[in-house]
1. Residue check: is Arg164 more than 18 Å from the chain's Cα centre (by Cα) and crowded, with 20+ Cβ neighbours inside 10 Å?
2. Just the residues that are in contact (Cβ under 8 Å) with a residue 60 or more places away in the chain and among the aliphatic types (A, V, I, L, M), please, taken from segment 181-234.
3. Going through segment 75-93 one residue at a time, which ones are assigned to a strand (DSSP E or B) and either at pLDDT 95 or above or touching a Cys at 6+ places or on another chain (Cβ under 8 Å) (or both)?
4. Return yes or no: is Ala236 among the small types (Gly, Ala, Ser), at pLDDT 95 or above and either in contact with a Ser or Thr (Cβ under 6 Å, 6 or more places away or on another chain) or over 20 Å from Arg94 (Cβ atoms) (or both)?
5. Please count how many residues of segment 239-283 are assigned to a helix (DSSP H, G or I) and either more than 12 Å from Ala212 (Cα to Cα) or among the aromatic types (Phe, Trp, Tyr) (or both).
6. Could you pull out the residue among Leu214, Leu298 that is over 24 Å from Arg164 (Cα atoms) and either assigned to a helix (DSSP H, G or I) or at pLDDT below 95 (or both)?
7. Going through segment 284-295 one residue at a time, which ones are of a type in the set (D, E, K, R) and either assigned to a helix (DSSP H, G or I) or surrounded by fewer than 15 Cβ atoms within 10 Å (Cβ to Cβ) (or both)?
8. Need the failing condition index for Gln221 against (1) under 20 Å from the mean Cα position of the chain (by Cα); (2) modelled with pLDDT of 95 or more, just the number.
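The values are calculated or read from the model by the stated rules, or taken from the named source; none is laboratory data. As the structure is a computational prediction, the values presented were derived from the model and not from experiment. So basically every Cβ, Gly included, is an ideal-geometry build from the backbone, and we count neighbours across all protein chains shown.
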Amino acid sequence: MPTDTQRTDRPDQPANCFDQAPGDCILFGGAGGPSPADAFIPGAMMRRAIRCAWAEGQPTEALRLTQELLAQDDALTAQDTAMTLACIDALIPRCSLPMIRKDTLAAEPILTAILDRAMRSHRHVVASQAGQILTRVIEAQGRFEDSAEILATLLTMARLRRDRFEIAQWTNDLGFTLGLLGRWDKAERYGEEAVAGFTVIEAADRANNARANLLAARLHQLGFPDAVGLEPEIEAVDQRYLQAGDWRRRKTLLLLARIREHLGDLSAALDLIDLALALSRGVRTLHRREDARYRRDLMGALKRRLGVSESGRGELRRR
């Protein structure tokens with residue numbers, strides 16, 4: 001899920017904040033702390049095995065054991081839940097459309113169970129963290145409808161709590177995901193709300209990123225030639241990305257390339273997409289495949305235009 005606010009935690013929160021629950025209480029498993037007898041309970045033994053698997057760098061085994069534990073309707077402690085979310089989070093790139101290993105997909109039912117139990121027990125921070133990671137796993141599989149449904153639920157929860165940060169975050173991510181589904185009218189509405197929300201809480205970089213998503217929606221809504229008029233706004237967002245050193249600048253570069261392509265300047269469009277690919281080098285995101293595909297399309301169009309003339313061959317060699 002996309003999302004697309006870099007999926008980062010609040011700047012004023014620790015990475016794993018689980019309301020005010022004691023670290024040793026049994027999360028979702030009833031009140032009370034562990035007792036000496038816990039050492040002989042199968043669930044407690046399995047929780048220890050899960051901790052060991054994570055500590056020894058065996059994520060596949062840790063995920064398998066956690067699935068088995070939850071399938072038995074057993075509980076993770078609050079501390080183990082924090083560890084599980086942190087370890088799964090580390091397996092999945094913090095970007096939209098992440099590229100993940102096939103064995104990491106085993107995290108989905110675990111995250112779904114944690115999210116469901118957290119929502120039923122009103123543990124909002126746990127639900128937010130689990131939902132944020134879960135949407136990345138789902139989007140990696142191209143299941144944008146499922147991601148949008150989760151994001152809409154998280155947004156509803158945030159609205160009920162009047163949490164301004166999360167309202168802005170989830171509206172941005174939901175708008176971005178709706179864009180992936182081609183629902184540009186709704187993407188535009190959520191984008192407008194996200195920009196306003198981040199601006200009010202003075203989260204300038206997040207507001208800039210949300211504005212890029214909004215402009216993408218508007219470009220698709222307007223179509224060409226009308227979308228050419230968005231170029232000054234896109235360039236302003238692009239400059240903010242440049243100043244921040246943000247690889248997500250690829251989004252504005254892509255929009256500018258679309259405009260250059262429409263205006264017939266294929267060479268300039270290629271320069272822009274080449275820069276976008278350079279910025280995202282090393283980022284494990286499926287967006288790179290999309291951008292590379294668009295570059296191939298531009299190269300094909302340029303070859304057809306230049307033909308086999310001497311000047312044309314020189315331009316193609318430069319590429």
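1. So Arg164 does not fit the description; no.
2. Ala210
3. Of everything in segment 75-93, just one residue is assigned to a strand (DSSP E or B) and either at pLDDT 95 or above or touching a Cys at 6+ places or on another chain (Cβ under 8 Å) (or both), namely Thr77.
4. In short, yes.
5. Of segment 239-283, the ones assigned to a helix (DSSP H, G or I) are 239-244, 247-262, 266-279.
Next, only the ones that are either more than 12 Å from Ala212 (Cα to Cα) or among the aromatic types (Phe, Trp, Tyr) (or both) stay: 241-244, 247, 257-262, 266-279.
The number of residues fulfilling the criteria is 25.
6. Selected residue: Leu298, the only one of Leu214, Leu298 that is over 24 Å from Arg164 (Cα atoms) and either assigned to a helix (DSSP H, G or I) or at pLDDT below 95 (or both).
7. Here is the first cut: in segment 284-295, the ones of a type in the set (D, E, K, R) are 284, 288-291, 293, 295.
Matches in segment 284-295: Arg288, Arg289, Glu290, Asp291, Arg293, Arg295.
8. Answer for Gln221: the failing condition is (1).
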